[in-house]
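The structure under discussion appears below in the form of structure tokens.
The values are calculated or read from the model by the stated rules, or taken from the named source; none is laboratory data. Keep in mind the model is a prediction, meaning the values are calculated, not measured. Note that we place each Cβ from the backbone using ideal geometry, even for glycine, and neighbour counts take in every protein chain shown.
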Amino acid sequence: MKKINLSLPGMLILLFTAALFTSCQDKTFEEITYTANVPVYMGFSEFRNSVKSAEPQQLENTGKIYFKDNYLYINELNKGIHVIDNSNPASPVQVTFLNIPGNLDIAIRGNILYADSFIDLVAIDISDPLNPVEIDRVEDAFPNVLPMFDYSFPVYGLDFGKGVVVAWETKVVTELVEKGNYYNKETLRFDGMGVANLGSSEVSIGRPSTGVAGSMARFTISDDYMYAVHNNALKLFSIASTPGITTGPEIMLDRQVETIFPYGNHLFLGTTTGMLIYSLANPASPAFVSVFEHISSCDPVVIEGNYAYVTLRSGNQCNGFTNQLDVVDVSSLAHPIKVKSYPMFNPHGLGIDNNILFICDGDAGLKVYNASDPMNIHMNQIAYFQDIKTYDVIPVDGLLMLIGADGLYQYDYSDLNNLTLISQIPVVRP
């Protein structure tokens with residue numbers, strides 16, 4: 001028998017080849033079929049040329065609300081913004097619709113409207129609301145943003161290089177997988193307004209030229225900066241020059257952030273596990289001050305005087321089961337302390353004006369309280385409107401603007417003994 005001499009490298013190659021052959025022999029594959037969310041893409045060029053005005057449209061699936069200079073701006077989820085002349089709140093007039101694919105949030109300074117458009121931030125000159133002009137855009141300001149999908153099904157075939165995901169189709173798909181392995185289930189966690197996490201009203205702040213947002217807002221403006229919360233980050237944009245948005249630093253947070261509310265010289269961030277407080281002593285570099293911790297739950301917040309009012313609600317995206325109003329003493333911003341909790345049905349947005357507290361309690365309607373005694377709010381209910389589904393409110397000088405699943409409602413609360421519905425623009429189901 002002829003003897004074969006192998007060097008050490010040769011022996012290693014031989015052993016590796018044998019192991020690879022054996023491994024391949026052991027693998028078997030099978031076809032599996034299941035229902036999945038399949039992305040619908042829009043090309044980047046088409047997407048970035050989609051901002052334009054259109055004829056007024058019916059409210060169908062409303063989101064955030066913003067008020068400035070007698071105009072109301074109402075978000076149509078992922079489609080754009082309804083612009084409403086509200087100089088006569090008893091008879092609001094829809095004047096135009098701004099087509100902005102993927103829009104959820106709004107902020108305005110002067111005549112410039114800032115809006116998210118899926119992955120981008122756009123600046124639009126609204127000097128003439130009937131003829132808006134896009135003047136600037138920050139591409140990929142909010143990377144990997146996706147529209148909401150039915151999370152009872154997995155995502156199949158997601159590829160951010162193909163374009164912007166603008167919708168989903170529920171399809172039956174078939175793929176070849178190694179036997180014994182699970183199918184290609186891309187599980188994404190979503191926050192409260194449909195922004196995928198793939199890993200990692202404005203009061204006493206800013207210039208008079210800014211508008212007023214509701215408590216569910218993710219954008220706010222102070223002086224020459226716009227602040228936006230996105231997944232687990234606070235993002236800064238310098239808007240000192242127009243046009244010319246400059247992207248600033250990104251502050252990473254240790255939790256999922258949902259809302260932003262400015263008060264005094266501070267930002268109050270509502271997160272799924274607590275309220276974060278940041279100082280704007282240096283607007284270009286917000287500084288952490290403190291945190292008020294609470295159990296896992298959705299968390300918008302408003303402030304007036306020495307108290308913060310925080311609504312906690314259950315919901316799939318929040319992983320919580322608590323529905324309540326927390327009253328937090330913020331007289332010492334470094335040491336916020338909860339002083340009282342009140343049970344609620346499913347509270348969403350809220351607003352406060354001169355101790356009058358408005359709470360959108362979801363499908364349970366609008367609740368109005370005198371909060372001059374924070375320890376006895378439940379004993380001082382002023383009004384309760386049960387027949388509306390509520391989302392968020394903006395109270396301004398005796399006028400309450402409310403948005404909900406059924407549309408826009410406006411109330412006159414100048415006489416607290418006689419809160420009156422003065423107008424409504426209903427949602428029309430397609």
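The table for this structure:
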quantity	calculated
Test set (1) farther than 24 Å from Pro395 by Cβ; (2) of a type in the set (A, V, I, L, M, F, W, C); (3) surrounded by 22 or more Cβ atoms within 10 Å (Cβ to Cβ) - Phe160 fails condition number	(3)
Subset of region 81-129 (residues that are in contact with a Gly (Cβ under 7 Å, 6 or more places away or on another chain) and more than 22 Å from Thr259 (Cα to Cα))	Phe97, Leu98, Asn99
Given (1) modelled with pLDDT of 90 or more; (2) surrounded by fewer than 14 Cβ atoms within 10 Å (Cβ to Cβ), index of the condition Ile124 fails	(2)
Output for region 407-421, where each listed residue is surrounded by fewer than 16 Cβ atoms within 10 Å (Cβ to Cβ) and either modelled with pLDDT of 95 or more or among the polar types (S, T, N, Q) (or both)	Ser414, Asp415, Asn417, Asn418, Thr420, Leu421
Given (1) crowded, with 17+ Cβ neighbours inside 10 Å; (2) of a type in the set (Asp, Glu); (3) under 22 Å from the mean Cα position of the chain (by Cα), number of the condition Glu304 does not satisfy	(3)
Index of the failed condition, Phe358 passing every other in (1) out of contact with any Pro (no Cβ under 7 Å at 6 or more places or on another chain); (2) over 22 Å from Glu293 (Cα atoms)	(1)
Qualifying residue in region 72-82 (condition: modelled with pLDDT of 70 or more and surrounded by fewer than 15 Cβ atoms within 10 Å (Cβ to Cβ))	no
Every pair of residues 6+ apart whose Cβ atoms lie under 6 Å, when the first sits in region 153-167 and is within 19 Å of Tyr34 (Cα to Cα) while the second is β-branched (Val, Ile, Thr)	Phe153/Thr35; Tyr156/Val38; Tyr156/Val173; Gly157/Val38
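Yes or no, residue by residue, for (1) part of a loop (DSSP other than H, G, I, E, B); (2) in contact with a strand residue (DSSP E or B) (Cβ under 9 Å, 6 or more places away or on another chain); (3) in the same structural domain as Ile245 (by TED's automatic domain parsing); (4) buried (at least 22 other Cβ atoms within 10 Å of the Cβ):
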site	(1), (2), (3), (4)
Pro56	yes, yes, yes, no
Lys64	no, yes, yes, yes
Ser87	yes, yes, yes, no
Leu98	no, yes, yes, yes
Gly102	yes, yes, yes, yes
Ile108	no, yes, yes, yes
Ala115	no, yes, yes, yes
